[in-house]
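To keep things clear, I will list the structure first and then write my remarks on it.
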Amino acid sequence: MKKIFSLGFLFAVFAVAFISCKKDSTTTLTTLQKIQYKWTFVNQIDQGSTTGTSYYDKVDGLPGDYYQFNTDNTVDVKRNTSTYSLNYQLRGNDTLIFISPIARPDTMYIRILTASDFQLFKGETTLTSTASTTINLSK
């Protein structure tokens, strides 16, 4: 009986030791690692108002449209029939992304970044107008 108890006790000790020494396989990705992916372009929404006149424009992505954020800080974009490359840089504690060169370089807020969704937002307000752009991407 002592042998059975001793073997059971040793088995329990080894089982507890094995379970407690198991490595945690989850890794936390940085913002940069999370965005470096080929994202499907879902849509772009531009809206605002100028001296009382409001506007809203939504451009939906077509099959095959994408934003591919590369590890060399370039982003390859395919929208409709246009394909072009831009540069990007994270700023502001990884909550802002600076995208250039385009007609006017943009600093956009990373509003949403999950395993499946990526949303960029830029808004401007003056005394007589407001304007915002939202770009929605998905995996």
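I'd like to check something: does segment 52-60 contain any residue that is in contact (Cβ under 8 Å) with a residue 60 or more places away in the chain and over 17 Å from the mean Cα position of the chain (by Cα)?
Here is the first cut: in segment 52-60, the ones in contact (Cβ under 8 Å) with a residue 60 or more places away in the chain are none.
There is no residue in segment 52-60 that is in contact (Cβ under 8 Å) with a residue 60 or more places away in the chain and over 17 Å from the mean Cα position of the chain (by Cα).
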*Condition test on ASP57, is it of a type outside the set (Val, Ile, Thr), out of contact with any Phe, Trp or Tyr (no Cβ under 9 Å at 6 or more places or on another chain) and closer than 27 Å to THR26 by Cα?*
no
*Residues in segment 114-139 that are open to solvent by 70 Å² or more (accessible area, probe 1.4 Å) and in contact with a helix residue (DSSP H, G or I) (Cβ under 9 Å, 6 or more places away or on another chain): how many?*
1
*asked:* Consider segment 1-35. How many of its residues are at pLDDT 80 or above and of a type outside the set (S, T, N, Q)?
replied: 4
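The values are calculated or read from the model by the stated rules, or taken from the named source; none is laboratory data. Quantities reported herein were computed from a predicted structural model and do not represent experimental measurements. Here the Cβ is made from the backbone with ideal geometry for all residues, glycine too, and neighbour counts use every protein chain on show. What goes into the accessible areas is simple: the full protein's heavy atoms, side chains included, and nothing from ligands, DNA or RNA. Shrake-Rupley method; radii C 1.70, N 1.55, O 1.52, S 1.80 Å.
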